[in-house]
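Scroll down for the structure; my scribbles are underneath it.
The values are calculated or read from the model by the stated rules, or taken from the named source; none is laboratory data. Remember, predicted model here, so these are calculated numbers, not experimental data. Backbone-built Cβ (ideal geometry, glycine too); neighbour counts: all protein chains shown.
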Amino acid sequence: MGQGASRKRTAAGLRIFLAGSVVVLVGFVAFFLIRGANRPPVVRPETKPLTQQKVDIAEAITVMKVTGGRNDLYIKAPRKSIGPDGLVHWTGTEGRPEAMIEIESRAPDGRVRFGAKAIEAVTDADMNRADFLGKVVVVMEGITVSGSTFQFDKKTNTVTSAVPVHFEAERFRGDCRRATYEIDSGKILFFGGVSLAVTAWANDPNPLVFTGEELSYDKPSRTGRIRGNVVVTHGRSRGRADLVGFAQFVDKEGFRLFEFRGGVTIDADERPADRPVAAKAKAPAAGAAALVESDDLIILQGGRQHMEAGAITMLPYPGEEWLHVLSLKEGGRVEIFSDDGRRTTFSAGELDFFYDPDGTLQDFNLRRDVRILGEAEKQARLVEGPKIDYNTNQGDLVVDGLGQKARTISGGREVTAEKMFLNLRTNNFRMVGDVRIVNHPQPDEKRTAGLFAPEEEFYMIAGEAAYDAETRLFRLSGKTRLWQGRDSLEAEEVEINEETGDLTAKHNIRSIFFHRPKGKNRDEKIEVTGNRLDRIAKTNRIYYEQSCSVSVSAIVLKSGRLILEPAAEAGKFKRIFADGGRVTILQEGKKAEGDQADYDLAEEKIVLTGRVSLEDKEKGLSRGGKLTFNLADGNILIEKQDAERSATVIKS
C-alpha cells in the first residue's frame, strides 16, 4: 500500500516536470523565433534556400564560379557556411578571422568589371545578392572604393554602399556618405558630403579640392560631375559653383577639361606664400596726365584674380596638362590685381583667355558688351566695344565696334570709333572710322595746341586718329575738325606734339573764332583759311601758309602767309599779320593791294603797307604808301608817302 502510493507520487511529479519542460521549450522556441523575426537577415533569400539545416560548413573554398546574368561571379574564400537564416556566409578560417575573401565580377569576354575584398560576404542561395562586410575594398577598373559595407545586386548589376566610403584613382581621391556603381554602364555615383581631391596638373604640389553633395563618374568616357553648392580650393585659391564637370584623357592619366557652371566665382591667388608685397602705385605728378600715360593701367598678369560667370571652362593644350584656354560664358567678369595696387577688370558676355605653357597670358577674345577697366590711385582707363581681341605677338588690343561704336576713356580723353588698335606694349594707338574725341580739361594742358581755352572741354572728329608714344605725336586725318563752343579748326590732317604743344595742320584748312571788338557788345566772326598751319608753342604764334585768307564782316584779306598773334587770354588773338607776296583786301567792289597787312582785332583796323593800291569800280585806281580799313564804319584811309603826306578818305 505504501509502495503504490509512492509510485503514484513519482508518476505525478514526472508528469509535472515533463509539462514544465514542454512549457519552457515552447517558450524558448517562441523567444528564438520572435527574436529572429525582429532581426531580418542582411540579405533576404530571393529563392528557395540551399538547405534548411542549421549550419553547413565547407572549408578552403578556393574558387567558386557562379554563372548566369550579364556577368559571371568568382568567389575565393577560406570558409563557407550556411546559417540558420538560409544565407551563405563567406568568411575567414577559424583562428584567422581577419583573412580576406575575394570576389570578382567578370564580363563574358573575361574582363574584370569589379573586384572586392572583405572580411565577410553574405549571399542568398542563388548568389543574386551579396553583402560585403568589414574593411571592404572594391576595385572598379582603376578606381578603388573602400568602406565597411557594400551590397551587390546581380539583377541590376550594381554595387552600392549606404555608409561612408573613401575612393581613390591615380589622379584623384575623395570621400562621401553613400555610393553606387552601375557595372553595365560603368557609372559611379557618390552621394552626401562629397569631397574630391584632384591632381589637376602633373607635379602640382597643391591638389584641386572639390566639395559638394553628389559626384557622378562615367568610366567609359572618363568624365565626371560634382553637384550641389560645389566649393573648390587650390592652395590659397577659392571658388564655388552649382556644378563642376571634368574629363580625363582617354589614353592616359591627366585632365583635359574642367567646367564650372551656375553662379561661378573663383578667387585665384597663386603667389608664393613668402612673396613680398610691392609699394602701392603713386598718382602721376601734376601736368603728367595724357592719354598714353594711363595705358599701363591695363595689366594682363597679376598675383591675384577674381572671376565670376554663369560658366567657366578650363582646357589644357591638346594631349598636354598645362592650361591653354580659360573660357567664361553667360556673362563673365575677371579682375586682375597687381601687388602695387593696380587693378584691371574684364567683363563681357563671353571671354576666352589663351595661355602659354609657362602660364603667361598670350591672347584673349572678348565678345558682347565688352568692357575693360584699368584702375590705380586717382587714375583709370576704360575700353568698351562689342568685340575686343588681344594678340601678344603684335601687342595690339583690337576693339571692333561691329557696326556700332568702340570707346576708350583715359587721361582726360574720351574716344569713340568704328575700330581701335591700342598697343599695350608700345602705348601706340590707331582709331579708324568716324573718330570722335572729347578732351576734358587737364592740368598744364598742351594738347589744345593754343587754339582753345584749356579750362573747357573741346572736341575732335576725323576719319582716323593715331598716336606714336616714342615721339608723342598725335595725328588726325580724313576730314578733321577740332572745336570748342563756336571756335573751330578744319583740315585734312592735324598733328599735335603732346610734348611741346606744337601743332601742324595740312590741306584745306579753315578755322573760325569769335572776337569782341573794343566798345561793342557783340562778337565778330573771323574765318581764316590756308593750306598749312603751324602753331609754335614757345611763342604761342600760329602761322598759316599757302593761299591764305581772312574773312571778317564784309572784308576778305588774301595773302601767302598769315601770323596770328596771341592775346593775353588763352585761345584768343589780338593781331593778324599778312605777308608772303602781294596782300589783297576785297570789300564791296573795292580791291586793295600791298606788301604787308596788320589787322588789329581790338581796334577793328587793317593797315596795308608797301606799294599800296586801291581799285574802286566807281572811282578808279588810287596809290599810296599806306591804306587803313576801318571795319567799324567801313571807311578807307589812303596816305601818300611824299613830303606833304596827303591823305584821302574813301567812305563806304
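The table that follows gives values for the structure above.
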item: Glu527 being in a loop (DSSP other than H, G, I, E, B), of a type in the set (D, E, K, R), within 25 Å of Glu456 (Cβ to Cβ) and assigned by TED's automatic domain parsing to the domain that holds Glu457; result: no
item: Region 241-255, residues that are surrounded by fewer than 19 Cβ atoms within 10 Å (Cβ to Cβ) and in contact (Cβ under 8 Å) with a residue 12 or more places away in the chain; result: Asp242, Gly245, Ala247, Phe249, Val250, Glu253, Gly254
item: Any chance Val383 is touching a residue at least 40 places away in the same chain (Cβ under 8 Å), closer than 30 Å to Asp340 by Cα and either buried (at least 20 other Cβ atoms within 10 Å of the Cβ) or basic (Lys, Arg) (or both); result: yes
item: Condition check for Thr648: modelled with pLDDT of 90 or more, among the hydroxyl-bearing types (Ser, Thr, Tyr) and assigned to a strand (DSSP E or B); result: no
item: Residue among Phe114, Phe190, Phe172, Phe210 that is farther than 30 Å from Gly239 by Cβ and among the aromatic types (Phe, Trp, Tyr); result: Phe114
item: Members of region 164-212 that are over 21 Å from Ser148 (Cβ atoms) and outside any loop (DSSP other than H, G, I, E, B); result: Phe172, Glu182, Lys187, Ala197, Val198, Leu208, Val209, Phe210, Thr211, Gly212
item: Qualifying positions in region 548-574 - exposed (fewer than 15 other Cβ atoms within 10 Å of the Cβ) and at positive phi; result: Ser553
item: Set Ala453, Ala417: member being within 25 Å of Leu382 (Cα to Cα) and in contact (Cβ under 8 Å) with a residue 40 or more places away in the chain; result: Ala417
item: Residue within region 509-517 that is over 36 Å from the mean Cα position of the chain (by Cα) and assigned to a loop (DSSP other than H, G, I, E, B) present; result: yes
item: Test: residue in region 155-173 that is in contact with a strand residue (DSSP E or B) (Cβ under 9 Å, 6 or more places away or on another chain), of a type in the set (Lys, Arg), under 23 Å from Ser221 (Cα atoms) and without any contact (Cβ under 8 Å) to a residue 40 or more places away in the chain; result: yes
item: Residue in region 157-167 that is among the hydroxyl-bearing types (Ser, Thr, Tyr), on the phi < 0 side of the Ramachandran plot and surrounded by 20 or more Cβ atoms within 10 Å (Cβ to Cβ) present; result: yes
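Let's see how each residue does on (1) basic (Lys, Arg); (2) buried (at least 17 other Cβ atoms within 10 Å of the Cβ); (3) in the same structural domain as Asp124 (by TED's automatic domain parsing); (4) out of contact with any Pro (no Cβ under 7 Å at 6 or more places or on another chain):
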site	(1), (2), (3), (4)
Val139	no, no, yes, yes
Val145	no, yes, yes, yes
Phe172	no, yes, no, yes
Ala200	no, yes, no, yes
Asn203	no, no, no, yes
Pro207	no, yes, no, yes
Phe210	no, yes, no, yes
Arg222	yes, yes, no, yes
Val232	no, yes, no, yes
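This table checks each residue for (1) of a type in the set (A, V, I, L, M, F, W, C); (2) without any contact (Cβ under 8 Å) to a residue 12 or more places away in the chain; (3) over 21 Å from Val607 (Cβ atoms).
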{"site": "Ile512", "(1), (2), (3)": "yes, no, yes"}
{"site": "Glu527", "(1), (2), (3)": "no, no, no"}
{"site": "Ser549", "(1), (2), (3)": "no, no, no"}
{"site": "Ile555", "(1), (2), (3)": "yes, no, no"}
{"site": "Gly560", "(1), (2), (3)": "no, no, no"}
{"site": "Lys591", "(1), (2), (3)": "no, no, no"}
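Table: residues versus (1) crowded, with 18+ Cβ neighbours inside 10 Å; (2) in the same structural domain as Lys574 (by TED's automatic domain parsing); (3) of a type outside the set (Phe, Trp, Tyr).
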{"position": "Ile437", "(1), (2), (3)": "yes, yes, yes"}
{"position": "Phe458", "(1), (2), (3)": "yes, yes, no"}
{"position": "Gly463", "(1), (2), (3)": "no, yes, yes"}
{"position": "Leu476", "(1), (2), (3)": "yes, yes, yes"}
{"position": "Thr480", "(1), (2), (3)": "yes, yes, yes"}
{"position": "Thr500", "(1), (2), (3)": "no, yes, yes"}
{"position": "Asn508", "(1), (2), (3)": "no, yes, yes"}
{"position": "Phe514", "(1), (2), (3)": "no, yes, no"}
{"position": "Lys520", "(1), (2), (3)": "no, yes, yes"}
